[in-house]
Amino acid sequence: MYNLPNILTISRIVVIPVIFLSIYIHSLMWSVLAAILFIIASITDYFDGYLARSRNETSAFGRLLDPIADKLLVVSALLIIVANRMVHEISYIPVVIIMCREVLVSGLREFLAEVKIGMPVTRLAKWKTGFQMTALSLILLGGVSSFFAVSGELLLWVAGVLTFITGYQYFEKGMEYVRGEAASQTIKKEVKAATQKVIQAAEKVKKVVKNKARKSSVAKAKKAKAASAPKAK
């Protein structure tokens, strides 16, 4: 549990309260410190996975904590830039898209995990994360230079578009399972209905056979009785 990759993952969570304080401490020095901590935390997002694979130190704890740390870091940064009005109000649109997508994917992962279906990260999702982290880093450094602020806001829109696309892809994956399950349930219902019809038909045939057998036995009994009766002289 306490190997280097997991320690790097935990460090991303530990720095979040420090970064979050920039909402209340309005100074250039603190903003730069928050931006640097965010950049370092974003870099560890790559290195913890790389080290875990290269050192063969993957663990269930790491797989559990890594996506949680990523989401906490991103959501905290988004709240900071909105609370401090570090982007134009129109740029709240990609902010909302990113936050809604995180909720959507979390819900889909939880739902698909219950039915033992994995939802691996796509290549486009990795690009989305790269643009997202770069955009937030530049926006947090916006107090140093307007170039950083403008560049970061533009990249935030790019990240928002990629976020929407990847979110839709994940949603489609979830809907594929739902549609497949619905089709399976429909087939089961149709098979059950057909089976019931076959059973009902078999019961009718059975009743008809029984009636014929009963009538035949009655007729034979009557015939036997008539044959055994004394003939009139």
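The values are calculated or read from the model by the stated rules, or taken from the named source; none is laboratory data. A quick note: this is a predicted structure, and the numbers were derived from the prediction, not measured. Because the Cβ atoms are built from the backbone with ideal geometry, glycine has one as well, and the counts that use them run over all protein chains shown. Surface accessibility is based on the protein's heavy atoms, side chains included, excluding ligands, DNA and RNA. Shrake-Rupley method; radii C 1.70, N 1.55, O 1.52, S 1.80 Å.
Can you give me the relative contact order of the range 108-169 as a percent, contacts being Cα pairs under 8 Å and 6 or more apart?
31 percent
Could you tell me the accessible area of K126 in Å² (1.4 Å probe, neighbours in place), rounded to the nearest ten?
It works out to around 140 Å².
Given the peptides 143-156, 66-79, arrange them by the average over their residues of other C-beta atoms within 10 Å, most packed first.
Final packing ranking: 66-79, 143-156.
Calculate, in whole percent, how much of the Cα-Cα pair population of the range 67-172 lies beyond 23 Å.
Of all Cα-Cα pairs in the range 67-172, 26 percent lie more than 23 Å apart.
Rank these by accessible area, largest first, 1.4 Å probe: L140, L8.
L8, L140
What's log10 of I(q)/I(0) for the range 1-159 at q = 0.10 Å⁻¹, Debye sum over Cα points only, no solvent?
Rounded to two decimals, the profile gives -0.38.
Ignoring ligands, DNA and RNA, what percent of the 1.4 Å accessible area of the range 38-186 is carbon and sulfur?
Ligands and nucleic acids excluded, carbon and sulfur reach 69 percent.
Going from most exposed to least, what order do M99, M133 have by accessible area with a 1.4 Å probe?
Ranking M99, M133 by accessible area, largest first, yields M99, M133.
Whole-Hz Karplus ³J(HN,Hα) for the range 48-59, in order, using 6.51 cos²θ - 1.76 cosθ + 1.60 and θ = phi - 60°, x for Gly and Pro?
Karplus values, whole Hz, x for Gly and Pro: 5, x, 5, 5, 4, 6, 5, 9, 6, 10, 5, 8.
Which sequence of T129, T44 reflects their accessible areas, 1.4 Å probe, from the largest down?
Per-residue accessible area, sorted high to low, gives T129, T44.
If eta is 1.306 mPa s and T is 10 °C, what Stokes-Einstein diffusion coefficient results for the range 15-105, Kirkwood Rh from Cα pairs, in µm²/s?
It diffuses with D of about 109 µm²/s by this estimate.
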